[in-house]
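Only one structure is covered here, and it is reproduced in the block below.
The values are calculated or read from the model by the stated rules, or taken from the named source; none is laboratory data. Note that this is a predicted model, so its numbers are computed, not measured. Virtual Cβ from ideal backbone geometry, glycine too; neighbours counted across all protein chains shown.
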């Protein structure tokens with residue numbers, strides 16, 4: 001089963017002498033999660049009453065409570081106007097990463113979290129990096145935003161640039177490493193249990209241990225660590241933008 | 001033992017050392033963060049929600065160094 005970690009359905013394309021590889025499973029799951037989110041939002045949007053004066057339906061109340069929670073938890077320190085502006089972006093990042101992490105608990109062979117692929121997490125981190133500069137330039141003006149790299153002293157410019165780079169790098173690697181580490185650990189435990197099953201003496205113990213430990217690890221790394229890492233990813237995105245707009 | 005065997009053995013040894021030594025620092029750091037957060041929560045239970053959130057973010061950032069060593073270990077085993 002550890003062989004499955006390296007075995008992938010990869011589409012190779014040659015564009016102008018460059019070899020470009022697409023991991024079809026990761027792409028399919030990432031697009032599937034996007035479609036799921038679109039369907040979810042469409043379903044929630046359809047439940048809203050047309051008339052704003054009408055008494056709230058159950059879906060409207062759920063939506064309002066969820067947005068209120070996201071606004072206080074993810075965008076705590078922001079002024080009201082900016083919090084409203086950033087709420088869709090940060091909530092979408094949170095929900096997308098959350099559902100991507102939760103895909104790994106589905107018992108379907110070859111299906112794995114898209115977030116255990118470095119390209120997906122780097123894409124998300126680069127998107128956050130772009131938004132940091134967009135909001136920094138918009139809220140403070142381009143000149144003041146660029147000048148913030150010369151603070152507190154102009155000769156610290158290289159340090160600021162390296163810090164910027166390392167921040168984005170660790171933002172991507174944190175999510176990737178946590179999810180991939182959990183997946184590898186779960187796979188190794190199941191594989192060890194499978195190997196121990198070959199000895200008749202150990203078979204019942206190995207079966208029970210493998211099933212219970214495998215389920216426990218899957219729940220821990222899939223549900224709990226997945227939710228925590230999604231929260232951390234969204235909170236850090238919000239914190240990075242907050243530093244840029246202050 | 002041929003040269004390839006020695007290189008393969010060295011890879012696994014290096015990956016194990018990298019992960020084992022790299023896990024020490026984050027483990028101590030995260031434990032300290034949790035213990036101080038618990039201190040704060042015991043003193044001021046009304047601050048629990050905000051302390052928990054800040055503790056989790058701090059621990060996630062502390063974890064970065066451990067994640068770096070995990071990435072290096074993965075590269076050693078699967079890529080190098």
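Tell me, please, whether a residue that is in a loop (DSSP other than H, G, I, E, B), more than 14 Å from chain B (Cβ to nearest Cβ), over 16 Å from the mean Cα position of the chain (by Cα) and over 17 Å from residue A:36 (Cα atoms) can be found in the range A:112-132. Checked against the condition, which is being in a loop (DSSP other than H, G, I, E, B), more than 14 Å from chain B (Cβ to nearest Cβ), over 16 Å from the mean Cα position of the chain (by Cα) and over 17 Å from residue A:36 (Cα atoms), the range A:112-132 yields no hits at all. Can you tell which of A:206, A:172, A:227, A:183 is within 14 Å of chain B (Cβ to nearest Cβ) and more than 30 Å from residue A:86 (Cα to Cα)? Sole residue among the options that is within 14 Å of chain B (Cβ to nearest Cβ) and more than 30 Å from residue A:86 (Cα to Cα): A:183.
Residue pairs whose Cβ atoms lie under 9 Å apart, sitting 6 or more positions apart in sequence or on different chains, and linking a residue in the range A:28-57 that is over 17 Å from residue A:98 (Cα atoms) to a partner that is loosely packed, with under 11 Cβ neighbours inside 10 Å, are A:47/A:58; A:49/A:55.
With A:166, A:177 as the choices, which residue is crowded, with 17+ Cβ neighbours inside 10 Å, within 14 Å of chain B (Cβ to nearest Cβ) and free of Cβ contacts under 8 Å to residues at least 24 places away in the same chain? Spell out how you get there, then give the answer.
Working: A:166 fails: crowded, with 17+ Cβ neighbours inside 10 Å.
From the options A:166, A:177, the qualifying one is A:177.
I'd like the residue in the range B:25-80 that is outside any helix (DSSP H, G or I) and without any contact (Cβ under 8 Å) to a residue 40 or more places away in the chain and, out of all such residues, is nearest to the other protein chains (Cβ to nearest Cβ). Residue satisfying both the conditions and the ranking: B:63. Looking for something at pLDDT below 90, touching a helix residue (DSSP H, G or I) at 6+ places or on another chain (Cβ under 7 Å) and exposed (fewer than 15 other Cβ atoms within 10 Å of the Cβ) - is there at least one such residue anywhere in the range B:12-30? There is no residue in the range B:12-30 that is at pLDDT below 90, touching a helix residue (DSSP H, G or I) at 6+ places or on another chain (Cβ under 7 Å) and exposed (fewer than 15 other Cβ atoms within 10 Å of the Cβ). Among the residues of the range A:230-246, those identified as under 16 Å from residue A:76 (Cβ atoms), more than 11 Å from every other protein chain (Cβ to nearest Cβ) and in a helix (DSSP H, G or I) are A:237, A:240, A:241, A:242, A:243, A:245. Look at (1) exposed (fewer than 12 other Cβ atoms within 10 Å of the Cβ); (2) modelled with pLDDT of 85 or more; (3) in contact with a helix residue (DSSP H, G or I) (Cβ under 8 Å, 6 or more places away or on another chain) and you find that residue A:79 fails only one, number (3). Scanning the range A:209-224 for residues that are away from chain B (no Cβ under 14 Å) and touching a residue at least 24 places away in the same chain (Cβ under 8 Å) yields a total of 8.
So, residue B:10, is that one within 17 Å of the chain's Cα centre (by Cα) and in a helix (DSSP H, G or I) or not?
Spelling it out, it is not the case that residue B:10 is within 17 Å of the chain's Cα centre (by Cα) and in a helix (DSSP H, G or I).
For the range B:51-80, a tally of residues being surrounded by fewer than 19 Cβ atoms within 10 Å (Cβ to Cβ) and at pLDDT 90 or above returns 1. What tally of residues in the range A:196-217 results from selecting those that are surrounded by 12 or more Cβ atoms within 10 Å (Cβ to Cβ) and in contact with a helix residue (DSSP H, G or I) (Cβ under 9 Å, 6 or more places away or on another chain)? Summing the residues that are surrounded by 12 or more Cβ atoms within 10 Å (Cβ to Cβ) and in contact with a helix residue (DSSP H, G or I) (Cβ under 9 Å, 6 or more places away or on another chain) in the range A:196-217 gives 13.
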